[in-house]
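Only one structure is covered here, and it is reproduced in the block below.
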Amino acid sequence: MKLEGTFLRSKVAIRIFVLFVCCALLPIAALAVLSFSHVTKQLSEQTQKRLHQASKDAGGAIAERLYFLDSEMKMAASKFNTESKPTFRTSAEGMSEHLKNRFKGLTIITDTSEPIHLFGKIQNLPELTPEQKEHIRSGGSLLFSDYHPDLSSHIFMSTAIDPQNPRQGILVGEINTNYLWDIEEQTTVPSMTELCVLDQSNNVLFSSLPGPVSLPKQVLENMTHSAFGQFEWVNEKKEYLAGYRSISLQRVFFTPKWTVVLSESKSEVLAPMANFKKIFPLIILMSLWVVLLLSVIQIRRSMIPLEKLQEGTKRIAARDFNSRVVIKSGDEFEELGASFNTMASQLGKQFNTLTTLAEIDRGILSTLDTEKIVDVVLNRMHDVFPCDSVSVTLIDSSDKMRTGRAYIGKGKPDNGKEVETIKLTPEEIQELTENPESSLVEVGETPPNYLAPLAREGIRSFLVLPIILKKELSGIMTLGYLKPPVHSQEDLSQARQLANQMAVALSNANLIKELDQLSWGALTALARAIDAKSPWTAGHSERVTSYSLKIGQVLGLSKEELDTLHRGGLLHDLGKIGVPAEILDKPGKLDEEQTKIMRQHAEIGAKILEPIVAYARVIPMVLQHHERADGNGYPNGIPKKIICLGARIFGVADSFDAMTADRPYRKAMSRERAIEIIKEESGKQFDPDIVKAFLEVMAQEAREGGA
């Protein structure tokens with residue numbers, strides 16, 4: 001497996017790695033330390049117990065040999081008689097080889113003669129004290145030693161030849177220490193164990209350790225008061241574990257005790273731990289690699305799914321709701337990935353729904369045309385709420401018959417819509433008004449009138465959303481389903497929200513429609529008021545407006561331009577308010593001063609409209625509608641190229657209506673004569689393009705009149 005350093009770039013990865021190390025290496029290290037300490041302690045305790053038992057066994061073995069030597073000396077003593085030398089010699093020569101191997105020499109000591117050496121020669125035989133001699137003569141045996149710090153110690157055993165006859169002397173033997181300590185057979189002490197024997201004065205009688213032996217003072221003091229024990233000591237810079245055991249010799253050999261000390265090298269005792277110390281770092285290193293490998297595997301198993309989920313989250317944040325994560329870990333991460341994909345799908349659906357709802361909101365709120373509002377709802381409803389059919393029914397609240405127009409969507413925007421007139425019963429209106437939120441309706445053979453258009457297409461399940469304006473039923477939005485639908489509360493809330501938005505849009509559209517009607521009504525009333533100032537001009541403004549709109553339609557003006565033209569036509573003579581009635585109704589020709597006053601009406605009308613910002617485009621039409629194409633008009637005498645289009649249209653329409661209507665100073669001309677005059681003035685008084693459009697309007701009226 002390839003190990004990459006980048007696996008630690010994540011804080012989570014570092015946390016997992018540190019957790020693995022802490023949970024694995026630290027317990028291993030702690031366990032190793034505890035094990036090492038425990039095993040060391042156990043080895044030391046076991047060694048101490050073993051040394052304790054071994055010192056007991058060694059002491060028993062030495063005591064047993066001493067008792068055996070005592071028995072042999074007593075047997076040998078029974079054979080000697082110092083009063084008959086020939087008998088003594090014969091007995092000495094007949095001693096067994098075993099006895100000679102166990103003693104370095106045997107000597108008979110008497111009070112009257114020189115020592116008799118049976119075999120070997122005892123050097124530096126120590127002087128016996130009276131107490132010792134008395135003990136021997138009483139039939140006891142004596143064990144004593146001659147200690148020399150720089151030389152080997154000599155151990156002696158003595159017994160009376162004949163306790164009943166003290167003059168027979170004392171048999172003294174120097175013990176062969178090789179036999180006593182069993183050096184040749186090495187059965188006294190265990191292998192790898194060092195033996196040290198101390199006399200009653202704690203002088204070293206024997207030691208298998210190299211060099212001089214010096215036991216700690218505290219240990220020597222403990223030996224004085226205790227028959228056995230354990231201790232640690234150092235000899236020749238080497239550490240030892242030791243156990244001691246006292247051999248009680250007082251009763252048999254008139255010697256208080258000997259002490260047997262067994263020591264074992266601490267390095268030998270802890271040799272297994274030394275090997276453990278060598279292999280322990282290797283175990284730690286191997287554990288480190290194992291932990292590293294396992295942690296990397298675990299980190300990869302954890303981080304790869306996390307990285308995929310993180311990338312998926314970023315894609316969702318970028319509104320890529322179609323992204324999916326693929327996790328095949330076989331654990332909770334796989335379940336989390338499945339949940340993430342489900343969440344992404346739901347978010348995508350909700351986002352698309354909200355986006356579509358927002359688009360529908362913008363669509364229905366950006367227009368004041370009821371037909372367009374209905375079209376937006378019919379065309380986009382399927383994107384938000386999958387259904388089999390959609391209908392929107394608009395009800396005219398002013399209609400006492402409570403009829404409505406049902407707009408039925410055909411499924412796709414290109415399929416258009418059907419429009420059908422329906423009549424709602426009072427019961428149906430009451431039911432819808434009492435359930436203003438939404439209703440799920442299942443219909444049978446006789447559906448309500450407002451559901452009949454969809455029911456004829458086989459629809460039997462409906463979600464009905466009433467549209468209430470000013471506490472009255474103004475419309476119905478209906479979603480139809482071939483099979484009973486399952487709606488969540490969120491779906492119903494969104495559908496209700498859309499219905500409310502449509503209600504707001506329809507309310508705005510109705511309000512604007514009412515305002516527009518009010519505006520046109522006010523303009524028409526004002527135009528009639530102006531025309532009513534003189535009986536000769538009654539209806540003049542409305543007729544001029546009608547001619548102007550027809551000319552504008554021929555010229556291909558937009559709806560907005562036609563609306564402006566409409567307003568301008570109704571207001572073009574607004575300035576006549578400032579012209580006296582005697583001038584307007586004068587039967588004869590106006591004089592120069594009266595003509596001047598009459599011509600001021602264009603400027604007066606423009607000045608009246610000047611404060612109204614919304615009529616800024618109407619003011620030039622009012623001001624210039626008496627200007628001429630050749631530049632000889634009034635009030636400013638501007639040429640055709642400067643005169644606005646509306647004013648040029650009004651110039652033709654106004655002149656035609658004035659010529660074909662009665663005036664106080666003349667009778668009305670015929671339509672034909674008026675048309676001829678307009679033709680003659682083309683390029684002079686009137687714009688030729690406008691004249692051409694006017695003639696087309698006249699021709700069309702003639703055709704319609706003839707039909």
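List of remarks:
- Here the helices (runs of 4 or more DSSP H) wholly within region 498-605 that include at least 3 residues being among the hydrophobic types (A, V, I, L, M, F, W, C) and touching a residue at least 40 places away in the same chain (Cβ under 8 Å) are 540-555, 559-571.
- On inspection, residue 655 does not qualify as of a type outside the set (Asp, Glu), over 21 Å from residue 573 (Cα atoms) and crowded, with 16+ Cβ neighbours inside 10 Å.
- Residues satisfying the stated conditions in region 356-374, i.e. crowded, with 21+ Cβ neighbours inside 10 Å and at pLDDT 70 or above: 373, 374
- Of all the criteria given as (1) in contact with a helix residue (DSSP H, G or I) (Cβ under 8 Å, 6 or more places away or on another chain); (2) in contact (Cβ under 8 Å) with a residue 40 or more places away in the chain, the one not satisfied by residue 691 is (2).
- Candidates 209, 215, 220, 195: the one that is in a strand (DSSP E or B) and either more than 22 Å from residue 70 (Cα to Cα) or not assigned by TED's automatic domain parsing to the domain that holds residue 102 (or both) is 195.
- The lone exception for residue 331 - which of (1) surrounded by 18 or more Cβ atoms within 10 Å (Cβ to Cβ); (2) at pLDDT 75 or above it fails: (1)
- Test: residue in region 575-595 that is surrounded by fewer than 17 Cβ atoms within 10 Å (Cβ to Cβ), farther than 26 Å from residue 635 by Cβ and not hydrophobic (A, V, I, L, M, F, W, C): no
- Of all residues in region 111-132, those satisfying the criterion of being of a type outside the set (D, E, K, R) and either loosely packed, with under 13 Cβ neighbours inside 10 Å or in contact with a helix residue (DSSP H, G or I) (Cβ under 7 Å, 6 or more places away or on another chain) (or both) are 112, 113, 118, 119, 123, 124, 129, 130.
- Entirely in region 229-323, the helices (runs of 4 or more DSSP H) that have 2 or more residues that are acidic (Asp, Glu) and closer than 30 Å to residue 339 by Cα: 271-317
Residues checked against (1) at pLDDT 70 or above; (2) on the phi > 0 side of the Ramachandran plot; (3) among the hydroxyl-bearing types (Ser, Thr, Tyr):
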{"residue": "347", "(1), (2), (3)": "yes, no, no"}
{"residue": "354", "(1), (2), (3)": "yes, no, no"}
{"residue": "376", "(1), (2), (3)": "yes, no, no"}
{"residue": "384", "(1), (2), (3)": "yes, no, no"}
{"residue": "388", "(1), (2), (3)": "yes, no, no"}
{"residue": "394", "(1), (2), (3)": "yes, no, no"}
{"residue": "398", "(1), (2), (3)": "no, no, yes"}
{"residue": "411", "(1), (2), (3)": "no, yes, no"}
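- Which listed residue, of 631, 651, 637, is outside any loop (DSSP other than H, G, I, E, B), assigned by TED's automatic domain parsing to the domain that holds residue 604 and not acidic (Asp, Glu): 651
- Here the condition is being out of contact with any helix residue (DSSP H, G or I) (no Cβ under 7 Å at 6 or more places or on another chain) and either under 30 Å from residue 203 (Cβ atoms) or buried (at least 16 other Cβ atoms within 10 Å of the Cβ) (or both); of 323, 295, 302, 226, it holds for 226 alone.
- Condition check for residue 248: buried (at least 17 other Cβ atoms within 10 Å of the Cβ) and of a type outside the set (Val, Ile, Thr): no
- Of the candidates 133, 121, the single residue that is part of a loop (DSSP other than H, G, I, E, B), among the basic types (Lys, Arg) and without any contact (Cβ under 8 Å) to a residue 60 or more places away in the chain is 121.
The values are calculated or read from the model by the stated rules, or taken from the named source; none is laboratory data. Since the model is a prediction, treat every value here as computed from it, not as a measurement. Every residue, glycine as well, gets a Cβ built from its backbone with ideal geometry; the counts of neighbours run over all protein chains shown.
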